[in-house]
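Enquirer: This structure is in structure tokens; I'll ask about it shortly.
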Amino acid sequence: MRRPHVIMNAGMTLDGKLATVAGDTRISGREDLERVHRIRAEVDGVMVGIGTVLHDDPRLTVHKVPSERQPARVVADSLARTPPEARILSDEAPTIIGVSRAAPEERVRRLRDRGAQVVVCGDSRVELRCFMERLYEMGIRKLLLEGGGTLNFSMLREGLVDEVRVAIAPVIVGGREAVTLVDGEGFESIDAGVHLRLRRYYPLGKDFVLEYEVVR
Ligand SMILES: NC(=O)c1ccc[n+]([C@@H]2O[C@H](COP(=O)([O-])OP(=O)(O)OC[C@H]3O[C@@H](n4cnc5c(N)ncnc54)[C@H](OP(=O)(O)O)[C@@H]3O)[C@@H](O)[C@H]2O)c1
């Protein structure tokens, strides 16, 4: 299967949260945000789940470091719930939305009218292997996966992630309902989990960055 090289990245608290229970995501520092934007400037696409679009309304562009190019913004959105006024539909960069065959036609048409390229994969949920193949065909060779925890789990479970990079901020926020780096159903044994090899680690401003490759 031909698919993009996928780098999963997140800024998280020491207790592994990507946001607080109230949805506050101001976790890592300025230097780390610039690191993320430098990765965005190097890849062909930046991907999130519809949960992140609805919670944060992110721009997903490169705007914290100078860049000649903008990667495509990519969303996994089974039912085409991306609001037509969402910032990822701005004309600053291309937008690719993966939907399933269950997405209402009217909503899909509205997203196409707003300039998004809509890719249909899967019956009721976006089938991620199909979506990755289609992204590759569209010229996306390197993809930055920016979460949230639900999409991260599915991408890992499907074996679609090649690298994991995290910036750990020196803060603890707790909360059983707070989104973590990887949520979803989880693996039942350590052996069944996703195994990583540590490649690099360094302090960055107030944070600490860890970079891994996925072994299996
Ligand atoms: N600190 C950080 O670096 C960071 C980064 C990103 C996000 N966040 C936080 O994370 C939170 C959002 O995380 P989340 O876990 O709720 O949402 P998410 O992972 O962004 O999106 C999950 C949604 O994606 C859709 N999806 C489509 N196909 C899927 C598939 N095959 N597998 C899994 N999901 C699929 C599903 O909705 P449908 O079924 O409707 O398609 C699913 O509910 C927000 O609070 C955000 O602030 C933090």
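The values are calculated or read from the model by the stated rules, or taken from the named source; none is laboratory data. Given the structure is predicted, the values throughout are model-derived calculations rather than measurements. Every residue, glycine as well, gets a Cβ built from its backbone with ideal geometry; the counts of neighbours run over all protein chains shown. Calculation scope for accessible area: heavy atoms of the full protein, side chains included, ligands and nucleic acids excluded. Shrake-Rupley method; radii C 1.70, N 1.55, O 1.52, S 1.80 Å.
Enquirer: Say we look at the range 25-65 and pick out the residues that are of a type in the set (D, E, K, R) and in contact (Cβ under 8 Å) with a residue 60 or more places away in the chain; which of these is nearest to the ligand (Cβ to nearest atom)? Step through it out loud before you land on a result.
Expert: Going through the range 25-65, the residues of a type in the set (D, E, K, R) turn out to be 26, 30-32, 34-35, 38, 40, 42, 44, 56-57, 59, 64.
Within this subset, residues satisfying the condition of being in contact (Cβ under 8 Å) with a residue 60 or more places away in the chain are 30-32, 35, 40, 42, 44.
On the way: R30: 15, E31: 15, D32: 10, R35: 12, R40: 13, E42: 18, D44: 19 Å.
By that ranking, first place goes to D32.
Enquirer: Can you tell me which residue is farthest from R26 (Cα to Cα) among those in the range 154-198 that are within 10 Å of the ligand (Cβ to nearest atom) and β-branched (V, I, T)?
Expert: This residue is V182.
Enquirer: If we keep just the residues of the range 119-153 that are under 14 Å from G45 (Cβ atoms) and in a loop (DSSP other than H, G, I, E, B), which is nearest to the ligand (Cβ to nearest atom)? Write out each step before concluding.
Expert: Pass one, the range 119-153, residues under 14 Å from G45 (Cβ atoms): 119, 128, 131-146, 151.
Now drop any that are not in a loop (DSSP other than H, G, I, E, B), which leaves 138-141, 146.
Numbers: M138: 18, G139: 22, I140: 17, R141: 21, E146: 5 Å.
Per the criteria, the residue is E146.
Enquirer: With the checklist (1) in contact with a Pro (Cβ under 7 Å, 6 or more places away or on another chain); (2) free of Cβ contacts under 8 Å to residues at least 24 places away in the same chain in hand, flag the one item K142 doesn't pass.
Expert: (2)
Enquirer: Take the range 2-24 and flag every residue that is assigned to a loop (DSSP other than H, G, I, E, B), touching a strand residue (DSSP E or B) at 6+ places or on another chain (Cβ under 8 Å) and near the ligand (Cβ under 10 Å from one of its atoms).
Expert: L18, the sole residue that qualifies.
Enquirer: Tell me which residues, restricted to the range 173-216, are part of a strand (DSSP E or B) and open to solvent by less than 60 Å² (accessible area, probe 1.4 Å).
Expert: Of the range 173-216, the ones part of a strand (DSSP E or B) are 180, 196-204, 207-214.
Answer for the range 173-216, where residues must be part of a strand (DSSP E or B) and open to solvent by less than 60 Å² (accessible area, probe 1.4 Å): T180, Y202, L204, D207, V209, L210, E211, Y212, E213, V214.
Enquirer: So L33 clears everything in (1) modelled with pLDDT under 95; (2) touching a Lys or Arg at 6+ places or on another chain (Cβ under 7 Å); (3) not small (G, A, S) except one condition, right? Which one?
Expert: (1)
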